[in-house]
Ligand code: ADP
């Protein structure tokens, strides 16, 4: 498990709530803050501390000791003004890792100016991921490293059954690298060239997007 860290989640809507559940599942300590009493009570059983408070109140943030936490996530949905004010106060308190959900580009620009460390657009990002996954049924998951490079998880088709990595000559022909192969719960990191692929293996591949696409089109 990753090293245990301490997080504050401000705003327990669908986004903040889902972040909170996942952090708890990973085993981290989480303080949640929401001005809605019902939301806080829904989470009070699973989190370390749950507090009904308005995050735009500087004294509240101080008295909760928010500055001692490693990460604060501002997951306030629609109220852009309160999201901005909360972020400003958190940065003034000296918190190193402030992550904020932005609603639109204007919101993003303001957050950037006031020093938000990471700004996320969950709906926009998720929309892009889903579009990518829908348009290519072999891609199970992917991480964009830059505009040109990605790590993708590809599902081995029957066509690849019993082919070894050396048969396919992947690195020389396509310039891509197979980082690992997942078979059910087993994961084989840096598979040997003699590794024989079976249908249903998940191939975790790194490379230029064009090369990955070429590999998919030609051999999968
Ligand atoms: P989502 O789109 O992620 O579902 P919502 O807008 O439904 O987001 O939820 C945002 C949450 O943030 C709500 O539970 C709301 O009560 C909470 N919230 C909004 N402003 C503040 C604030 N200033 N302080 C604390 N909690 C807030």
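For a quick check: sort 144, 199 by the number of other beta carbons within 10 angstrom, fewest at the front. It would help to have the intermediate numbers written out before the result.
Values: 144 15, 199 12.
Final ranking by Cβ density, sparse to dense: 199, 144.
Across the alpha-carbon set of segment 104-220, the Rg to Rh ratio works out to 1.09, Rh being the Kirkwood radius.
P(r) tail, the chain: Cα-Cα pairs separated by more than 29 Å, 44% of all pairs.
Averaging over all projection directions, the Cα-based convex hull of segment 63-114 occupies 3.4 nm² in the image plane.
Taking segment 1-110, how much of its Cα-Cα pair set, in percent, is spaced more than 19 angstrom apart? Mind dumping the intermediate values first?
On the way: 2303 of 5995 pairs.
That fraction is 38 percent.
Values quoted throughout were computed directly from the atomic coordinates according to the rules given, and no laboratory measurement underlies them. The structure displayed is predicted, hence computed values, not measured ones. FYI the Cβ positions are ideal-geometry reconstructions off the backbone, even for glycines, and counts take in every protein chain you see.
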